[in-house]
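Reading through the structure tokens given below for one structure.
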Amino acid sequence: MKNLYLPQLIKIEKIETLSPNVKLVRLKKRLNFVPGQFVLAGLWGYGEAPFGFASSPFEKRYFDLMIRKGGAVSSAIHSLKKGDEITVRGPYGNGFPLDFFKGKDVLMVSGGCGIPPIASLVEHLIKNRKIFGRLYLVYGAATPDDILIKDKVSRWQKSGVEIILTVDRPTSDWQGYTGLVSELIEKVEINPLDAVAVMCGPGPMAVAVKNKLKPLGIPDRRIFVSEERKMQCGVGKCQHCVTGDKYVCLDGPVFNYDEIEKNWD
């Protein structure tokens, strides 16, 4: 029987600064995962923390994590370099219901560091572009320097994803939008009768976006939220990730909106 708690050491193939406090960590191993799932990654002596996959699920040589510097674990990982090793266990949780998305318009909304699972989803959608409808990504960051997908925007756009970027504090050369992602939903042209919405970001962002989607006719059951929450065991034993009557690690981290409403951190 597989030991669900047993971590494996994986070598860092690449580590790259994406923003002042976020690094991309590329790990040299193939893991089979569904966009929206997560791993618990860390270092001996520091512990571990949950991180969503940020790369294509079709990539056979490596997988990417985007790690924001904050606590002890992420700060320790930020100090590493190419060739060092970190511990990884998983993948855990339920990813996005990809079969349900087939044939539908897909609106993806992300704020702050909520982009990793959305980025992985985008890679899946463009790999299978012909079986989905219109694709939109509305992504907001604090400043232009905090946008974590700068190297992906052009390729995604050429692959059929309409991308709308906004920031809270623009620079003098910023050419995108300024303000909340929720205020840009009106710029999206989707068929609300045959569309799904996917979100990952702060709770207030999700509430504001949902309030914009409801008048369009997109019900809560077609709005999917990737919930970020403190996790430790990953298998529903420690209760650190309980939200309402749900375990994020087992029942999520992807939920229908009506399953997780009013349970934001």
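The values are calculated or read from the model by the stated rules, or taken from the named source; none is laboratory data. Source: prediction; values computed, not measured. Note that each Cβ is placed from the backbone with ideal geometry, even for glycine, and that neighbours are counted across all protein chains shown. The accessibility values were calculated without ligands, DNA or RNA, using every heavy atom of the protein model including side chains. Shrake-Rupley method; radii C 1.70, N 1.55, O 1.52, S 1.80 Å.
Solvent exposure of the stretch 53-101 amounts to 43 Å² per residue of accessible area, where only protein heavy atoms count and the probe is 1.4 Å.
Sparsely packed loop sites in the stretch 93-173 (the trypsin sites (Lys or Arg not before Pro) outside DSSP H, G, I, E and B with at most 13 other Cβ atoms within 10 Å) comprise 102, 150.
Once all protein chains are placed together, residue 238 keeps about 50 Å² accessible to a 1.4 angstrom probe. For the set 222, 61, the ranking by accessible area, highest first and with no ligand, DNA or RNA atoms included, is 61, 222 under a 1.4 Å probe.
Work out the length of the dipole vector of the chain about its Cα centre, built from +1 on the beta-carbon of each Lys and Arg and -1 on the beta-carbon of each Asp and Glu, and round it to the nearest 20 debye. Please list the in-between numbers first.
Details: 37 positive and 29 negative charges, 196 e Å.
So the dipole magnitude of the chain works out to roughly 940 debye.
How many Å³ per residue does the convex hull of the Cα positions in the chain occupy? Kindly include the intermediate steps, with their values, before the conclusion.
Working: hull volume 34.3 nm³, N = 265.
Hull volume over Cα atoms, normalised by residue count, gives 130 Å³.
Taken along its three principal axes, the alpha carbon spread of the stretch 145-259 comes to 49, 35, 27 Å, from the longest extent down to the shortest.
What number comes out for the charge environment of residue 234, summing +1 per Lys or Arg and -1 per Asp or Glu over other residues with Cβ under 10 Å away? Overall, the nearby charge balance is +1. Extension gain, residue 191 to residue 242: 0.36 nm times the residue separation minus the Cα-Cα distance gives 14.9 nm.
Decide, for the stretch 75-224, between rounded, prolate and oblate: order the square roots of the alpha carbon gyration tensor eigenvalues as a ≥ b ≥ c, take rounded if a/c falls under 1.5, and otherwise choose prolate if a/b is larger than b/c, else oblate. Don't skip to the answer; put the middle values down first.
Working: a/c = 1.63, a/b = 1.23, b/c = 1.32.
Judged from the Cα gyration tensor, the stretch 75-224 comes out oblate (a/c at least 1.5, b/c at or above a/b).
Hey, any idea what % of the chain's accessible area is carbon plus sulfur with a 1.4 Å probe? Percent of accessible area from carbon and sulfur atoms in the chain: 49.
With helices as the sole contributors, the chain gives -4500 deg cm²/dmol at 222 nm; each DSSP H run of n ≥ 4 counts as -39500 (n - 2.57), and the sum is divided by every residue.
Based on the Stokes-Einstein relation at 25 °C and a viscosity of 0.890 mPa s, and on the Kirkwood radius from alpha carbon pairs, the stretch 3-66 is assigned a translational diffusion coefficient of 195 µm²/s.
Computed over neighbours whose Cβ is under 11 Å from that of residue 245, the net charge equals -1, Lys and Arg +1, Asp and Glu -1.
Relative contact order of the stretch 120-177, please, whole-number percent, based on alpha carbon pairs below 8 angstrom and at least 6 residues apart.
Working: 61 pairs, mean separation 23.3, N = 58.
40 percent.
Taking 177, 139 and ordering them by how much accessible surface each has at a 1.4 Å probe, largest first, produces 177, 139. Normalised radius of gyration (Cα atoms, divided by 2.2 N^0.38 Å) for the stretch 106-151: 1.20. Within the same chain, lysines fewer than 8 places from residue 210 are excluded, and of the rest, those with a Cα less than 27 Å from its Cα are 102, 104, 150, 152, 187, 230, 246, 262.
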